[in-house]
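Undergrad: Just dropping this structure here.
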Amino acid sequence: MKNLILLFCLSASAFSIYAQDQPPRGPYNILQGGVIDGVVIKDEVPVREAIPYEHVRLADYVWSKRVFSRIDCREKMNHDLFFPYDYFESDGQSSEYKPKDASEIDDPSWFKDQKRWSLWTVIMRHIILGELTVYEVSSEANPTVEDGYSLKYPIDRQSKNDYFESTLYKRKVNKVLAAGGQGPKFTIPRPISLDTFIIQKTNQTYRKFLDSLAPDPDFEELVKGFTFEDGERWWNSAAKEGDIVRRDAISRFLSSNNIIAYNIKEDWFFDKERSIIDRRIISIAPVARYTLEDDTSTLAFERGSILAYTPEGIPQFFDGSTNNYEDYKGKVDEREIFWLYFPELRNIMVNYYVYNDKSDAQWMSFDDVFWKRKFTAQIFKVSDKFDRELEDFKYGVDALYEAEKIKDDMRKWEHDVWNY
């Protein structure tokens, strides 16, 4: 009995230490000064794991169809996934939200609802905490082919703290989490000849690089306008020798009002053992609006900058460009920002809750919403020999009819199995 008590105490102590190292999972109703926003204290620390899917044997996997669908924020049934909105405090150009470690993940400059968060808020939070793997939409070698739904281009990380410890990883993640991307080139103006010296990384340290500039008669003018620490940080951010060194990006984190849909890739299949048509979501991608740039070489439009929105709904650019939104009217496209492996996301969102319009005391988790299919989604692509979307051969209302026809055909397949 004593051994059991000792084991329990050690387990409780270990859990307490772990809980202190990790920021809390979700919003609570305990405020400063002993204020309780409600009747009871919701102080439990949710550490649940998602319920595993039913095992399907290969022998029972007799029919399947890959389906791509869009969960649109304009549909009333989907509002639980998109609201409430969050936003970031800004100095007008860049976000004030710059966490240095996991303890600053919920910095007050990130304004979030006290009781519940949107799915984007949950996703962004746990990407920064290193608990979700981000899969880019395309490879660096061929950025025009967006086949990231195959989960082929992960942003690799070595540990959960990589966002705070690895400059390269942080830069790659910020490229998809923030509007603005990479910063301007690290340039040094020469006051006499009026040309500009663009810094390129060499195989030496930043200190030795500065020492090599010391014989220059304009050296004192060259290093004006930035500190040594700033220059060293920009220097170290360059991945390899020969890369152009860049200053800090003028960027702002994407708030939840920029997410206008979620695209999901799922498999519809027939399980012979259970004799049902079942559905499994494989991956999910948040969707935002992007500008389209003219590519004169291919006479096509390529993805440009994320079109980010202020809390008032005003479109803005945060990449340092002077482009006016009016110039892009009619040249905006809705595309995936990145992809996530859905089973990995399930173990995160099972501990966060969505609004229940029947009772404020009983909320269901985000995982319950997807498990029970309490959302509406429109099919925009299915597996076929041409690997094409519905709008490639159907337009407008005809594409909607085609999506419904696909659903009916799959339901008929299940019905015909039992047609004697």
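What follows is calculated from the coordinates using simple rules that are stated; it is not laboratory data. Bear in mind that the values here come from a model prediction, so they are computed numbers and not experimental data. When we count neighbours, we look across all protein chains shown, and the Cβ atoms used for this are built from the backbone with ideal geometry, even at glycine.
Undergrad: Treat the count of other C-beta atoms within 10 Å as a stand-in for reagent exposure and order 404, 104 from fewest to most.
TA: By the 10 Å Cβ count, ascending, the order reads 404, 104.
Undergrad: Which entries in the list 98/185; 76/172; 240/381 go over 30 Å, if you measure between the two C-alpha atoms of each?
TA: Pairs exceeding 30 Å: 76/172; 240/381.
Undergrad: Consider all pairwise Cα distances in the stretch 47-174 and report the whole-number % of them above 18 Å.
TA: That fraction is 70 percent.
Undergrad: If you don't mind, another one. Listing 124, 410, 77, 364 from the residue with the fewest other Cβ atoms within 10 Å to the one with the most, what is the order?
TA: 77, 364, 410, 124
Undergrad: In addition: For a footprinting-style exposure proxy, rank 133, 167 by other Cβ within 10 Å, fewest first.
TA: So the residues, fewest neighbours to most, are 167, 133.
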